[in-house]
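Worksheet for the structure shown next.
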Amino acid sequence: MKIVMKLFVLVALTMLCGAGYTFSAQKDQVQEGDELSSALPIIGQAEYLTVFPQKYRYRARIDSGATTCSMSASDIEIFERDGKKWVRFSLPLPSDNPEEKLKKGEPQEYPITRVANIKRHGAEDQMRPAVKLKVQLGEFEGRIEFTLTDRSKYEYPVLIGRNLLDGNFLIDVSHSFVAKGKK
């Protein structure tokens, strides 16, 4: 059923684009006569994300249904510094080897931007600390909010949500690892 629905959406989009309609990543509606913006880079269903200053490079899953990006972290500890909430955590060391997936980098400390209530399908909501991390995805580089959680049971240690995608990328789910980096 999912394949049939994807084909239907793909055919409908192809027909609309052929008829002079395009979809703007910055607007929520189809507009007649607009040209598809080639200014936005295309990314696939999975891409590489680099976290600074460590320059850790992770495989990241693109999820346009997620509001906020999520980063795998361990030893998450919330504490107070100068009257503000901070979080101490360890990022996993990047590795494509599943046996090395649980190795941790040096502990990091960041101010908490907010505590996010994450709604999960078929499970209880989860409260997660969120921090702003400097990251690079393709040619995009900036400080983006990530919620912290243990993602060690997942194939991808990073989930990229709409707070990074919106206005920065077009997604082609038929491909993976196609983002072109900075030159």
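The values are calculated or read from the model by the stated rules, or taken from the named source; none is laboratory data. Everything numeric in this text was worked out from a predicted model, so none of it was measured. Heads up, the Cβs are rebuilt from the backbone with ideal geometry, glycines too, and the neighbour counts pull from every protein chain shown.
Enumerate the pairs (first residue in the range 46-65 and touching a residue at least 60 places away in the same chain (Cβ under 8 Å); second residue anywhere and of a type in the set (D, E, K, R) and in a strand (DSSP E or B)) with beta-carbon separation below 6 Å, excluding pairs fewer than 6 apart on the same chain, so at least 6 apart or on different chains.
Pairs that qualify, where the first residue is touching a residue at least 60 places away in the same chain (Cβ under 8 Å) and the partner is of a type in the set (D, E, K, R) and in a strand (DSSP E or B), are Ala46/Arg61; Tyr48/Arg57; Thr50/Arg57; Phe52/Lys134; Ala60/Glu47.
I need the full set of residues from the range 137-161 which are over 17 Å from Asp75 (Cβ atoms), out of contact with any Phe, Trp or Tyr (no Cβ under 7 Å at 6 or more places or on another chain) and surrounded by 15 or more Cβ atoms within 10 Å (Cβ to Cβ), in order please.
Hits for the range 137-161 are Leu137, Gly138, Phe140, Ile144, Glu145, Tyr156, Leu159, Ile160, Gly161.
So which strands (runs of 3 or more DSSP E) are wholly in the range 95-160 and hold at least 1 residues that are assigned by TED's automatic domain parsing to the domain that holds Lys55 and under 17 Å from the mean Cα position of the chain (by Cα)? Steps first, answer last, please.
On the way: elements: 104-111, 114-118, 126-137, 140-149, 158-160.
Answer list for the range 95-160: 114-118, 126-137, 140-149, 158-160.
Could you go through the range 84-99 and let me know if any residue there is touching a Pro at 6+ places or on another chain (Cβ under 8 Å) and surrounded by fewer than 12 Cβ atoms within 10 Å (Cβ to Cβ).
yes
Residues in the range 94-101: is at least one in contact with a Gly (Cβ under 6 Å, 6 or more places away or on another chain), at pLDDT below 95, closer than 12 Å to Ser152 by Cα and not acidic (Asp, Glu)?
no
Leu165 - would you say it is touching a strand residue (DSSP E or B) at 6+ places or on another chain (Cβ under 6 Å), farther than 22 Å from Glu80 by Cβ and not polar (S, T, N, Q)?
no
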